[in-house]
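Presented below is the structure to which this report refers.
The values are calculated or read from the model by the stated rules, or taken from the named source; none is laboratory data. These figures come from a predicted structure and were not determined experimentally. Quick reminder, even Gly has a Cβ in these numbers, built from the backbone with ideal geometry, and neighbours come from all protein chains shown. Just so you know, the surface numbers come from the protein's heavy atoms only, side chains and all, with ligands and any DNA or RNA stripped out. Shrake-Rupley method; radii C 1.70, N 1.55, O 1.52, S 1.80 Å.
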Amino acid sequence: MKIGEHSLSDHLQLLTPLFGLITAVWSLRMVLQLAGAPMQLVRVFSVGLAGSVSVLVVTFLIHFKRFGSYANVVAAAFALVGYAQLLIALAIAFAAITHTHNVFVAAEFSFRMTFTQHIASHLTVILVFQSLMAAGMACLLLLMLRWLVPLTPKQDIRA
Amino acid sequence: MRGKLQPVVVFLGAGILLYLGRHLLRESELVTWGLTFGGTTAAGLLGMALYRVQLELRASRQELAMKQAELNFALQVQRALFPREFPADRGLEFSGVCVPARGISGDYYDVLLLPDGRLVFAIVDISGKGISAAILMSSLQAVLRILAGAGHSPGEVCSKLNLHLNQITDGGRFATIFYAEWNPAARLLRYVNAGHNAPLLFEEGAVLQLAPCSPPLGLFLESEFRVSERVLKPGSVMALYSDGLTEAGIDHDREFGESRLTALLTEHVCKPLAEIQHHVLDSVHQWAGLEFEDDLTLLLVRATEFQKEAL
């Protein structure tokens, strides 16, 4: 399967460092909370924010590496947000299975939902809304990038 | 077909997910996401704008550096058009300086030794400043040297220069010139002053002005250039200058002025020419600052004893 002349593996290669960034923030958030760090500090390491910053970075990468166009930034945004939501759902599932507590099941984030409802919310509406927001943001950024920082066309080098 | 199906599948999937989770969304979460994504977008746009500004600054810096390098090169080329050394032992000694107002000059002075032993010297001021004046100056310099070298009289040289300038500028630009031919054996100076600032002649304690009697070059297709003559006594000093000297400081409503120049030269007229030139430039700098409004040129000429055996 190809998106804008690039295969899924090409996209994965481009996104791997950003998946790493989201995973790192997710892990740090868990560790900080388990270590008893203040909630204000834990909030700083937001997986949602990491996803948003990753979308920003991938849009810049796609533009400056001439990786592709709007289809590619939308696909990348979906993948990054999907991955972030999957990690959150995993953390909630882990808390449910092991009967432990972590930051992702804190009352201020779960809104008194059951574990199942909470996981379902992340994998349905939150996934869709955040993906659409991320895709919109990525398209707007790419549009502005093309306007503000246009790249010169590649020159053919001929003997 | 597959390409068209992809977005349909994506939107269908999104619709199904939204339907399934329709009761699981809190309004406060939407606000949080909006702030997160909106803030990130704003930060990204700010970064882009700053990057763009930086790019443009860098580009304009490069362009400026390139133009400066071109101007420096043009200045080097123009310096080569001025005399590098003055002829000696011909009954006249010289000292000259040209200070451009905008990197390169529209003023010009020259001193030529003709094969028959006569000397020709001239000072030219092209109307306007900067690159266009400098281009016209280099053209006039080339033509003047050819005409003078061919042995034409001062009147003929000015007449042909007038025709040349009028043709290349369609009468849109003009130049003032003081062109003189010196016969060392007869101590005779034959000159044309075509609209140029009257050179000052210091002779036996008196100050005379060699006032213009002809129109500037280039204004009219056909002009008459009147040749005047004067015998110069040893010790006489002539100061040929462009209006950039006397009009220095005009932007601040305080011209250096002809009377100040005359007084200064009278005070130092007995000194060596290079020293006089130094005094004049120093005074003008003190009067008008380091930046001049117009190109400034000064050519000092002193008549000396002439030995016929030197020929």
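Among (1) in contact (Cβ under 8 Å) with a residue 12 or more places away in the chain; (2) under 19 Å from B:Gly47 (Cα atoms); (3) within 7 Å of another protein chain (Cβ to nearest Cβ), where does A:Leu127 come up short?
(2)
Check B:Ala134, B:Ala101, B:Ala49 and return the single one that is modelled with pLDDT under 90, buried (at least 20 other Cβ atoms within 10 Å of the Cβ) and farther than 30 Å from B:Leu188 by Cβ. Reasoning before the result, please.
Numbers: B:Ala101 fails: buried (at least 20 other Cβ atoms within 10 Å of the Cβ); B:Ala49 fails: buried (at least 20 other Cβ atoms within 10 Å of the Cβ).
Unique residue meeting the criteria: B:Ala134.
Looking at the range B:212-223, can you tell me whether even one residue there is in a loop (DSSP other than H, G, I, E, B), assigned by TED's automatic domain parsing to the domain that holds B:Arg173, open to solvent by 10 Å² or more (accessible area, probe 1.4 Å) and under 23 Å from B:Cys98 (Cβ atoms)? Can you show your working first?
Initially, the range B:212-223 is screened for residues in a loop (DSSP other than H, G, I, E, B), giving B:212-213, B:215-216, B:218-223.
The next check asks that each one be assigned by TED's automatic domain parsing to the domain that holds B:Arg173; those that pass are B:212-213, B:215-216, B:218-223.
Retained after the next criterion (residues that are open to solvent by 10 Å² or more (accessible area, probe 1.4 Å)): B:212-213, B:215-216, B:219-223.
Retained after the next criterion (residues that are under 23 Å from B:Cys98 (Cβ atoms)): B:212, B:216.
So far as the range B:212-223 goes, yes, one or more of its residues are in a loop (DSSP other than H, G, I, E, B), assigned by TED's automatic domain parsing to the domain that holds B:Arg173, open to solvent by 10 Å² or more (accessible area, probe 1.4 Å) and under 23 Å from B:Cys98 (Cβ atoms).
List every residue pair whose Cβ atoms sit under 8 Å apart, with the two residues 6 or more apart in sequence or on different chains, where the first one lies in the range A:97-116 and is within 12 Å of chain B (Cβ to nearest Cβ) and the second, anywhere, is among the polar types (S, T, N, Q) and open to solvent by less than 80 Å² (accessible area, probe 1.4 Å).
Here the result reads A:Met113/A:Ser121, each pair linking the range A:97-116 to a residue that is among the polar types (S, T, N, Q) and open to solvent by less than 80 Å² (accessible area, probe 1.4 Å).
Look through the range A:44-74, keep the residues that are more than 18 Å from A:Leu21 (Cβ to Cβ) and not aromatic (Phe, Trp, Tyr), and return whichever of them is surrounded by the fewest Cβ atoms within 10 Å (Cβ to Cβ).
Among residues in the range A:44-74 that are more than 18 Å from A:Leu21 (Cβ to Cβ) and not aromatic (Phe, Trp, Tyr), the one surrounded by the fewest Cβ atoms within 10 Å (Cβ to Cβ) is A:Arg66.
I'd like the full set of residues that are farther than 21 Å from B:Ile276 by Cβ and of a type in the set (Asp, Glu), limited to the range B:226-263. Can you show your working first?
Residues of the range B:226-263 that are farther than 21 Å from B:Ile276 by Cβ, as a first pass: B:226-229, B:231, B:250-254.
Within the range B:226-263, B:Glu229, B:Asp251, B:Asp253 qualify.
Looking at B:Ala42 and the list (1) under 27 Å from A:Ile126 (Cβ atoms); (2) within 8 Å of chain A (Cβ to nearest Cβ), which single condition is not satisfied?
Failing condition for B:Ala42: (2).
Failed condition for B:Ile177, given (1) in a helix (DSSP H, G or I); (2) within 20 Å of the chain's Cα centre (by Cα); (3) within 12 Å of B:Gly218 (Cβ to Cβ), with all others met?
Every condition holds for B:Ile177 apart from (1).
When you look at A:Arg29, is it assigned to a helix (DSSP H, G or I), charged (D, E, K, R) and modelled with pLDDT of 90 or more, yes or no? Even if it seems obvious, please write down each step before you answer.
Working: assigned to a helix (DSSP H, G or I): yes; charged (D, E, K, R): yes; modelled with pLDDT of 90 or more: yes.
Answer is yes for this residue.
Which helices (runs of 4 or more DSSP H) does the range B:241-311 wholly contain that include 3 or more residues that are surrounded by fewer than 17 Cβ atoms within 10 Å (Cβ to Cβ)? Give the derivation first.
Working: elements: B:243-246, B:258-268, B:273-288.
Where helices (runs of 4 or more DSSP H) fall fully within the range B:241-311 and carry at least 3 residues being surrounded by fewer than 17 Cβ atoms within 10 Å (Cβ to Cβ), they are B:258-268, B:273-288.
So, in the range B:176-203, how many residues would count as being surrounded by fewer than 21 Cβ atoms within 10 Å (Cβ to Cβ) and under 10 Å from B:Pro154 (Cβ atoms)?
1
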